[in-house]
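Down below is the structure, laid out as structure tokens.
Just so it is clear, none of the values below were taken in a lab; they were calculated from the coordinates. All of these numbers come straight from a predicted model, not from anything done at the bench. Positions of Cβ are generated from backbone atoms using ideal geometry, with glycine treated the same way; all protein chains shown enter the neighbour counts.
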Amino acid sequence: MLPGMTVRRVEYLRGKGQGPRYAKPTPKTVFCGEDDVHAWVSSSIVETRRS
């Protein structure tokens, strides 16, 4: 899990079609690969303007 992210928040994002890629081997089991989480975080980086 990422600091500041709860399991509930990740479930919510998954339900909205957002968040990291995941595998669902059974109806009640969900796995997010570490590389997929890193890729998801990297894809959401926002560049700020310099003042």
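On a full-extension model of 0.36 nm per residue, what is the gain between residue 50 and residue 21, subtracting their alpha-carbon distance, rounded to one decimal in nm?
Computed gain between residue 50 and residue 21 is 7.2 nm.
So, in nm, how far is label residue 43 from label residue 2 when the simple model puts each one 7 Å beyond its Cα toward the Cβ?
About 1.2 nm separates the two model spin labels.
Using helices alone, I'd like the mean residue ellipticity at 222 nm for the chain: each DSSP H run of four-plus residues gives -39500 (n - 2.57), total over residue count, nearest 500.
It comes out at -10500 deg cm²/dmol, rounded to the nearest 500.
Can you tally the net charge around residue 14? Count Lys and Arg as +1, Asp and Glu as -1, for every other residue whose Cβ sits under 13 Å from the Cβ of residue 14.
Net charge in that neighbourhood comes out at +3.
Please state the relative contact order of the chain as a whole percent: Cα pairs under 8 Å, 6+ residues apart?
This gives 23 percent for the chain.
Would you work out which of 22, 43, 10 lies farthest towards the positive end of the dipole of the chain, given +1 charges on the beta-carbon of Lys and Arg and -1 on that of Asp and Glu, about the Cα centre?
10
Based only on other Cβ atoms within 10 Å, what is the fewest-to-most ordering of 8, 21, 50?
50, 8, 21
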